[in-house]
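> Have a look at this one before I ask anything.
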Amino acid sequence: MPLAAILTPANRHDITQLLPLIEAIPPIGGKVGAPLRKPQEVMGDRGYDSDPHRMQLSARGIATAIARRRQEHGSGLGIFRYVVEQTLALFHQFRRLRTRFDKRDDIHEAFMILGCAMICWRRFHSLSG
């Protein structure tokens with residue numbers, strides 16, 4: 001389930017948006033008490049391997065499970081990748097998000113937010129039914 005989404009140009013590295021994406025996660029309620037304001041752990045592939053970012057997340061009390069570059073495969077993180085891939089596949093169900101036709105960023109971002117809302121609504125609807 002998408003908790004936050006940020007629209008960026010296609011030629012931007014993923015690591016540049018890691019911290020802004022973490023900050024964009026809204027408070028998550030559910031259990032009694034104060035809502036969660038940060039994830040417990042961040043998982044990522046080798047594209048997110050950056051020691052300064054690891055230290056910034058650690059300073060915020062967020063654990064990291066990020067694969068390191070130039071190391072053998074088999075870190076075990078691949079079994080969790082299906083969550084990300086499944087969410088991307090859900091976005092690709094929407095034609096306007098699969099191939100970008102809109103030249104204006106605000107219009108494409110609006111459709112991305114609508115896509116997030118539809119994915120969440122379908123997930124909650126299937127759980128209640």
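> Residues of the range 19-35 being at positive phi and in contact with a strand residue (DSSP E or B) (Cβ under 9 Å, 6 or more places away or on another chain), which ones? Even if it seems obvious, please write down each step before you answer.
If we filter the range 19-35 for residues that are at positive phi, which is where we start, we get 30, 33.
Within the range 19-35, GLY30 is the sole residue that qualifies.
> Can I ask one more? Taking the residues in the range 100-122 that are of a type in the set (Asp, Glu) and in contact (Cβ under 8 Å) with a residue 24 or more places away in the chain as candidates, determine which candidate is surrounded by the fewest Cβ atoms within 10 Å (Cβ to Cβ). Give the steps one after another, and end with the answer.
Going through the range 100-122, the residues of a type in the set (Asp, Glu) turn out to be 102, 105-106, 109.
In the following step, the residues that additionally are in contact (Cβ under 8 Å) with a residue 24 or more places away in the chain were identified as 105, 109.
Details: ASP105: 12, GLU109: 14.
Among them, the one singled out is ASP105.
> I'd like the residue in the range 46-58 that is surrounded by 15 or more Cβ atoms within 10 Å (Cβ to Cβ) and of a type outside the set (S, T, N, Q) and, out of all such residues, is farthest from ARG70 (Cα to Cα).
Going through the qualifying residues, I end up with LEU57.
> As an exercise: evaluate ASP45 against (1) at pLDDT below 80; (2) under 11 Å from the mean Cα position of the chain (by Cα) and give the number of the one condition it does not meet.
Condition not satisfied by ASP45: (2).
> Name the pairs whose Cβ atoms lie under 9 Å apart, with the first residue in the range 9-27 and in contact (Cβ under 8 Å) with a residue 40 or more places away in the chain, the second part of a helix (DSSP H, G or I) and surrounded by 13 or more Cβ atoms within 10 Å (Cβ to Cβ), and 6 or more positions between them or separate chains?
ILE22/LEU57
The values are calculated or read from the model by the stated rules, or taken from the named source; none is laboratory data. Predicted model only: the values in this text are computed from it and were never measured. Don't worry about glycine lacking a Cβ; one is built from the backbone with ideal geometry, like all the others, and counts go over all protein chains shown.
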